[in-house]
Structure formats: C-alpha cells, structure tokens
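The values are calculated or read from the model by the stated rules, or taken from the named source; none is laboratory data. Treat the numbers as computed from the prediction; the structure is a model and nothing was measured. In this analysis, Cβ positions are derived from the backbone assuming ideal geometry, glycine residues included, and neighbour counts consider all displayed protein chains. These accessible areas exclude ligands, DNA and RNA; they are computed on the full protein's heavy atoms, side chains included. Shrake-Rupley method; radii C 1.70, N 1.55, O 1.52, S 1.80 Å.
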Amino acid sequence: MKDTIEDQTAWLLGLAELPPVPVSFGGPTDLLPSVYDVGTVAAASVGAATAAAALLWELRGGPPALATVDRGHAELAFLSERVFKIAGRPLQLWAELSGDYRTRDGWVRLHCNFPTHEAAALRALDCPPEPDAVARACEALGAVEVEEAVLAAGGAAAALRDRAEWAAFPHGPLLSLNRTGDGPVVRPPAAERPLEGLRVLDLTRVIAGPVATRLLAAYGADVLHVGAPAVPEVPGLVLDMTFGKRVCRLDLKTPEGRALLRDLIADADVLVQGYRPGALAALGFGRDDLGALNPSLVTVDVQAYEPGTPWAGRRGFDSLVQFATGVSAESMRAARSETPGALPAQALDHATGYLGALTAMAGLVHRAASGGSWHGTVSLAGTARWLDGLGRTAVKPAGTPPDDVLAAMDSPHGVLTFVLPPGAAADFRPRWVTPPPGDALDPPKWR
C-alpha cells in the first residue's frame, strides 16, 4: 500500500473502479494525535469522496473533475460530534455504564448508550444498573466470556484483543462495489450541485451511515432518513447527523410500513442501510426484492464487521471495533498505559462514513456511464485494518484547528454550532441548506 495521502486517495478511487481525479491537499494538520496515522485516513477518505462527487458532477455537465481538501478541516470533521454544540452546550456522548471494564483475564468494553443494550448487558451480568456492580460482575468473568454473554443477550460488547490475534481472523475488502442488475443508463440532468435532484434513503444510525448520507445531503441530494418508531436514538447525536436531511418514521414490522418503504425504494436513486446482514431481507427487502422494486438502485451496506466473515452479523460500534481489532491494545502500549487506549476521534465511524459516500457516488457514476443496479459494502473493521496497515507515527501534541470551518445555524432546538462539511468538488463547496429537523416528522414521500 502506498504512503502518501495522494496515493491513498488514488487507491481508494481505484477500489471503487473510478478514474484518477486531481486532488490537492493543504492546510494545517495534527488535530488527531495518535500512534496510528489517523490524519492520512481522514484526508484520504474525504479526498476520495470529494473526487467522486466531482466526477459525478462532470458527468452531469459540470466543470472538469478536480477536488481540494484542507487537511485540518478534514480532521476536525472527524470530531464533528465532539465539536457540535446546542445553544453553547456540548453533547453528552456516553451513557453511565458504557466503558472499559477489567475482567479476570483482561478487559472488555460495554456499549450501553441505548436502553436495550444496557438492559441486555445487565441481564447477561445479572447485576443492578450501577457502575460498581457492573465492574464486580465483569471482574469475576473472562473477557471473552463477558463478550459472548452480552452479545447472546442482545447487547453490544467486545473483549480486548491484540492485533496479532485479530490478524488471524478472516478478512474482507475495505470496500466493495458490484453490478447486480441490468437496469438502463440513468444520467441525471445538468444541475448546480453535484447530487441535486437525486434521492437517497437513509436507513442508518450512529455514526458511520449518517456521516455518509449527511455528506450526500451536503452535495445536494434529497436525503430522507427512515427511522423506526420504537428504536431509541442518542438525541443530540441525531441532530449533528441530520443536517440537510428530512426524517420520517416507518414501522417495518407492519404491512403498511413495508408498503410505504417499497414505494420510497421504487423512486430512490440510493439506499444506504445499516441493518445487520439478513435483517432487511427477512422483512422482504433482500437483494432480489430491491432489484425487482428498482432495477437502477444503488445500495450501500454499512456494517461493523467485514461482510462475508464469521463476525459479519455481530453488533458493533466504533469503540467496540477498536477493542476487537487491536487498535485499543496498540494505543495502550504506545502510551505505556495500564488501561485500554482509544483513537482521538471516532475515526473508524467517520472514515467508514466517507467511504460509504464514495461507494454510493461511485455507483451513481457507473450507473450514469453503463446503467445497472449497484451494491456496495463498507465496514468499521475494514477501516480499522486499513488504518493498521498504514503503520505507526510519532505522537505529537494536538495542533490548532482552522478557525474558519465552524458555523452556526438557527434551528428548532436553538443555535447549533457545527463543523462545515470538508472538501470542495471543483468550485462547489458542500453545504447544508437546512438545519436538523425539529420534533415534527416529515411524510414518508419524496418531494
């Protein structure tokens, strides 16, 4: 694998079978100090997604494809939920019981941000909802024992593994994109924004999938986020991830909800989904079902673990994947710490989100050139393996973020402070024209 950011960006475009695009990088960096080369992953994933937007716009009669990326802006975008403020107040990102716990033979991480996952962990550990009680229960068990018990109960957990142990697992590609049907060539008309007039269904939540669809919205797509009535969200985090989107709710366990989703899919250009493998198919939305509904659909699956591997169906979040893949153990050793380390951002989430946006736009480029339906995949674990493969860097003090990439916007929730979307496709700078929606939901229909 090549070392420079330009080489990494060209390599990512090649994975999506896109032609080279001139991408220039500049600006300050070192906002994400780590033994891992997080800055390169940030700049290259943003650069490749920006290049794909430029290619799609050129196909629509826009200017010649080229892209620019400010490295400091890209790195700050990886901290978007940490920088985001509602009326001057930062987000509360972690629930009380989410965290790292010592076990009889190592460490385990529990993800308890959602009530259902917290309840599952407490059932598995047979303890009350108190941090000390959870810690005592974990100390009495082995790390893998806790991991397996929590997962079996319907929760989310990961034992701390080192990189050698993870390297022995089966692995898949960083991203995949394959033609799955023979639909007609679909070349959208000329437009003032790269994705203007294109319709994107967003069936994702925290954080990678929403980052992907948020970027598509910034390039002009009509993004409709479809949530479930009974599925909880992290409220403030939802706001940071729904700039430029509309939001509706559908109960896919009912015939009415499934019928409405079928109508939306029939007229969509892109579907980005974060359900675990097989979950949508069980509801009647498998690959063949989607092709019958829309032979020109581009779909992107965003997963925690690599598709086609034994862990593909496992629940996972960025912090858990860091634990499972050796990232936390390596960060701990680099810091000479006695407790697990972590990346300076939810970098697996954000990078995977930009790779998901790249994959979606690449599918649209291929559809415009040769027709067909297209199916792509990205995963947090695949991104972790990419990051690991870039080698190690000296940990430097955190740099100063650029001072012109934060903005404020009025919203039904108060004044929101946020990071502007990074990059520029030719002379177009991505932007969100609407704030996150208020409490009122949008109808489940296209504009």
Alpha carbon Rg of segment 1-53, scaled by the compact-globule rule 2.2 N^0.38 Å | 1.12
Among 141-147, 402-408, the order from most to least packed when residues are scored by Cβ within 10 Å on average | 141-147, 402-408
To the nearest 20 debye, what is the magnitude of the charge dipole of segment 55-155 about its Cα centre, counting +1 on the Cβ of each Lys and Arg and -1 on the Cβ of each Asp and Glu?
-> 440 debye
Work out how much length GLU233 to ALA87 would gain on full extension: take 0.36 nm times their residue separation and subtract the Cα-Cα distance, in nm to one decimal.
-> 50.6 nm
Put a dot 7 Å past each Cα toward the Cβ at ALA292 and ALA95; how far apart are the dots in nm?
-> 3.8 nm
If you take the beta carbon distance between ARG429 and ARG249 as r and set R0 to 30 Å, what does 1/(1 + (r/R0)^6) give as a FRET efficiency, to the nearest 0.05?
-> 0.40
Going 7 Å from the Cα of ALA369 in the Cα-to-Cβ direction, what parts of segment 1-42 have a backbone nitrogen less than 16 Å from that spot?
-> 10-22
Paramagnetic label zone (point 7 Å from Cα along Cα-to-C-beta, ASP3; backbone N under 20 Å) in segment 350-390 = 386-390
Of the peptides 283-291, 59-67, 324-332, how do they stack up when ordered by the mean number of other Cβ atoms within 10 Å, highest first?
-> 324-332, 59-67, 283-291
Please get the size of the charge dipole for segment 299-447, origin at its Cα centre, with Cβ charges of +1 on Lys and Arg and -1 on Asp and Glu, quoted in debye to the nearest 20.
-> 320 debye
Which angle between 0 and 90 degrees, to the nearest 10, do you get for helix 380-389 versus the longest principal axis of the chain when only C-alpha atoms count?
-> 80 degrees
Over all distinct Cα pairs, what is the inverse of the mean 1/r for segment 255-348, reported as the Kirkwood hydrodynamic radius in Å?
-> 15.7 Å
Using the heavy atoms of the protein chains and a 1.4 angstrom probe, tell me the accessible area per residue for the chain in square angstrom.
-> 39 Å²
Using 0.36 nm per residue, how much length does the chain from ARG102 to VAL395 gain when fully extended, once their Cα-Cα distance is taken away?
-> 102.9 nm
Mind listing the Cα extents of segment 352-428 along all three principal axes, in Å, largest one first?
-> 43, 41, 28
Could you work out the mean projected area of the convex hull around the alpha carbons of segment 282-416, in square nanometres to one decimal?
-> 13.4 nm²
Rounded to the nearest 10 degrees, the helix 255-266 long axis (Cα) sits at an angle to the longest Cα principal axis of the chain of 50 degrees
Per 10 Å bin, what is the whole-percent P(r) computed from every C-alpha pair distance within segment 74-223?
-> 9, 24, 27, 23, 13, 4, 0
Cβ under 13 Å from GLY438's Cβ, GLY438 left aside: what net charge do those residues give with Lys, Arg +1 and Asp, Glu -1?
-> -1
Using a 1.4 angstrom probe on heavy atoms only, work out the carbon and sulfur share of the accessible area of the chain in %.
-> 52 percent
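How many percent of Cα pairs in segment 139-222 exceed 22 Å?
Of all Cα-Cα pairs in segment 139-222, 59 percent lie more than 22 Å apart.
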Using a Förster distance of 45 angstrom, determine the FRET efficiency expected from the C-beta separation of ALA190 and GLU165, and round it to 0.05.
-> 0.30
Both in Å, the radius of gyration and Dmax of the C-alpha trace of the chain are 20.9, 64
Taking the simple approach of a point 7 Å from Cα along Cα-to-Cβ for both ASP267 and ALA408, what is their distance in nm?
-> 3.9 nm
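Suppose every Lys and Arg Cβ carries +1 and every Asp and Glu Cβ carries -1, with no other charges. What dipole size does the chain come out with about its Cα centre, to the nearest 20 debye?
It works out to roughly 460 debye.
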